[in-house]
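All remarks here apply to the structure that follows.
Bear in mind that the values in this text are calculations on the coordinates, not laboratory data. Just so we're clear, the structure is a prediction, and the values are computed from it rather than from any experiment. Cβ placement follows ideal geometry from the backbone for every residue including glycine, while neighbour counts extend to all protein chains displayed.
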Ligand code: HEC
Ligand code: HEC
C-alpha cells in the first residue's frame, strides 16, 4: 500500500513540475529529458482528419490581403526565380523551389497541400517548435529561413517576403478549416511497412534507372531551364540539393516521401512504388551520388553535431559520416533494418 502512495505522489510531483509545450518561449533551450516530454505532448494533441476540400489558387480572396497571399504562393512555387541565388532578391541560397518537396495537390497551384508530402496546412499549429538540431524553441520565421539555406540575415521577420509566406500559411489554415491546437492526419509522411532486411542500393540503382532517370537524370542532377544563370530555375529538381546527414538523407525518411510523391503522379492514396522499392531507391539516391557534407546551424563550418544534445530523440537510422562512427556501425545505422523506421520526433 505504502508503495502505491509513494508511486502516486511521485507521478503528481512529476506532472506538477513538467512544463507544457505552450509554456516555452522562442529561444529557450531544452535538455534531452525535457525534449522527450515536449514531443510526447505534441504527439498527444487531438487529431483532426485531413480536410475533404478541393481548393485551388483561384480560391485566394481578391484585394490587398489576397495579393500578399498570392505573393507568398509565388515565393514558395518559384523560389529559384524570386528568392534564390540567381534571382534579384537573393534571399535564399538553395537552388530549389520549396514546392519541389512541399508539393501542391494535382496542380492546384497551392504549395504544401498534398497529403502526406510534408504539407503546410498545419504549420501554424506546429510552430513555435523545438528544433532538435539545436534543442532550442524556434519561431516559424526561423524555420522558413533555415529551409532557404545559409543567407538568413537577408530574410528578416519584417521583410515583405516573410510576411507574404506567413499570410499564405494563415490563409491555408482558415481556408481548409484547421482547428487550433490539433495535429493533422496526413501531415508529415505516411507510415510504411518496411521489409525486415537492409535497404539494397544495388537493386535501387536499377529501379532508379527505370523510374526516375527520365526526369531527374542519370546523375540525379535534374534538368535546368534555359538561361539558368538568369534565375529561370529547374524544370526537374536536382536530387543533390540536400546534404549528407540532412533529414532527407536518412533512408527511411526519403523512402516515406517517395512512397506518396514519386514518380511524379503518385499519391498516398495511389502510390506507384511498393514499400520495398521505395526503400531501395531511397538507399541508392542517398548513397549512390556524392553529396555536400552536413554542417549544422550553430556550427556551419565544423563537424556534424546533430542530436548531440538529444540522444533520446535521435532516430536510430540517423547516420552521418561526420560523426565518426565506425564503418561497420555506420553501415548498420544507414541501411538498417531498423526497429522503428517510422519514428520521427513529434510525429
Ligand atoms: C529537399 C526537400 C525540401 C525543400 C526543398 C524544402 N523543404 Fe521544408 N521541409 C522538408 C522536410 C523533410 C521537412 C520536415 C522535417 C522537419 O520539420 O524538420 C520540412 C519542414 C518544413 C516546415 C515545417 C512544417 C511543419 O508543419 O512542421 C516549413 C515551414 C518548411 N519546411 C518550409 C520550407 C520553405 C519555405 C522552403 C523553401 C525555401 C522549403 N521548406 C523547402 C523538406 C524540404
Ligand atoms: C515525370 C517526371 C518525374 C519522375 C519520373 C520522377 N520525378 Fe521526382 N520530381 C519531379 C518533379 C517535377 C518534382 C518537383 C515536384 C513539384 O514541383 O511539384 C520532383 C521532386 C522530387 C524530389 C524532391 C525534391 C528534390 O529535388 O529532392 C525527390 C527526392 C524526387 N523527386 C525523387 C524522385 C525519385 C527517386 C524518382 C523515381 C522513383 C522520381 N523522383 C521520379 C519529377 C519526376
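Per the helix-only calculation at 222 nm, which mean residue ellipticity applies to the chain, given -39500 (n - 2.57) for every DSSP H run of n ≥ 4 and division by its residues, nearest 500 deg cm²/dmol? All intermediate terms of the calculation are to be shown ahead of the outcome.
Numbers: 12 runs with 124 residues, N = 347.
Mean residue ellipticity at 222 nm (helix-derived): -10500 deg cm²/dmol.
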Return the tail of the calculated pair distribution for region 18-184, meaning the percent of Cα-Cα pairs more than 22 Å apart. 46
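Treat the count of other C-beta atoms within 10 Å as a stand-in for reagent exposure and order 335, 168 from fewest to most.
Details: 335 20, 168 25.
Lowest count first: 335, 168.
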For each of 50, 338, 171, count neighbouring Cβ atoms within 10 Å of the residue's Cβ, then give the residues from fewest to most. 50, 338, 171
Quick check on packing: order 103-111, 179-187 by the mean number of other C-beta atoms within 10 Å, highest mean leading. 103-111, 179-187
For a quick check: sort 36, 21 by the number of other beta carbons within 10 angstrom, fewest at the front. 36, 21
Rounded to one decimal in Å, the inverse mean reciprocal Cα-Cα distance for region 201-335, i.e. its Kirkwood radius, is 16.0
What would the Debye formula give as log10 I(q)/I(0) at q = 0.08, 0.09, 0.12, 0.13 Å⁻¹ for the alpha-carbon point model of the chain, no solvent? -0.41, -0.52, -0.94, -1.11
Have a look at the DSSP beta bridges in the chain and tell me what percent are antiparallel, nearest 5. 75
